[in-house]
Amino acid sequence: MSIITGRGDEGDTDLLFGRRIAKTSRRVAVLGTVDELNAALGLARAAGAAEEIEGVIDRVQDLLVGLMGQFACQPGDEERYREAGFAAVGQADLDWLVAIARDFEKRGIAFKGWARPGAEHSMARAGLDLARTIARRAERSVLELHESGEEVPEVLRLFFNRLSDLLWILARTA
């Protein structure tokens, strides 16, 4: 089967379970931003992030795939999503983000003013900073979707806030 189907030529795209939605919808904006975040993390990873940080990036990328699945599911299809056994981000994942961030903070990582991405000539660090800014945009997109009347579970609304904090810490560590 070809990737080029032409099904989106009229401005809509497929979600899970055969649902169609406008490419300009808030839900598709969230999906695109999360996809972009995943790609930015891939850049940081490929730029030679330390092994420990690469492990964190790997887990975050895995979580982002689950998040994309959750957002590719229209309201009302959540039960079908769970029954299909697709990955889903939950409270334990949010707790993991916080625990990892706190672990790195204990090593002496602290706020010392605004970051100047690239100033250290580290592609991995700059990639993490890029990912952090995209995570902040993802957070805003998720909140806009929620405020538009489409219920977004609290754990998903908080996820990108915690993730962007963790990415700031990792960039200072890299």
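Throughout, read-outs are computed from the coordinates displayed, never taken from laboratory work. This one's a predicted model, so the numbers in the text were calculated from it and none came from an experiment. FYI the Cβ positions are ideal-geometry reconstructions off the backbone, even for glycines, and counts take in every protein chain you see.
Quick notes on this structure:
- Dividing the convex hull volume of the alpha carbon atoms of the stretch 37-165 by its residue count gives 113 Å³ per residue.
- Proxy reagent accessibility, fewest Cβ within 10 Å first, across T133, T173: T133, T173
- The GNM of the chain, with springs linking C-alpha atoms under 10 angstrom apart, assigns the highest mean-square fluctuation among A124, A138, A50 to A50.
- With respect to the chain, whose longest principal axis is taken over its alpha-carbon atoms, helix 51-71 is tilted by about 20°.
- Cα principal axis extents for the stretch 1-96, largest first, Å: 44, 30, 27
- Listed residues G42, G76, G55, most fluctuating in the chain (Gaussian network, C-alpha, under 10 Å): G76
- Look at the alpha carbon pairs under 8 Å that are at least 6 residues apart: their mean separation over the length of the stretch 1-88 gives a relative contact order of 28 percent.
- The stretch 70-105 versus the stretch 1-36: alpha-carbon centroid distance in Å: 21
- Cα long-axis angle, helix 26-46 against the chain (0 to 90 degrees, to the nearest 10): 40
- In this rough spin-label picture, where each label sits 7 Å from Cα along the Cβ direction, the E144-E54 distance is 3.6 nm.
- Label point 7 Å beyond Cα of A39 along Cβ direction - residues of the stretch 137-174 with amide nitrogen under 18 Å: 137-139, 141
- The stretch 127-157: GluC sites (Glu not before Pro) falling in loop per DSSP and having at most 11 other Cβ within 10 Å: E151
- Ranked by how many other Cβ atoms sit within 10 Å of their own Cβ, fewest first, the residues K23, K106 fall in the order K106, K23.
- Order of D12, D129 under a 10 Å beta carbon neighbour criterion, fewest first: D12, D129
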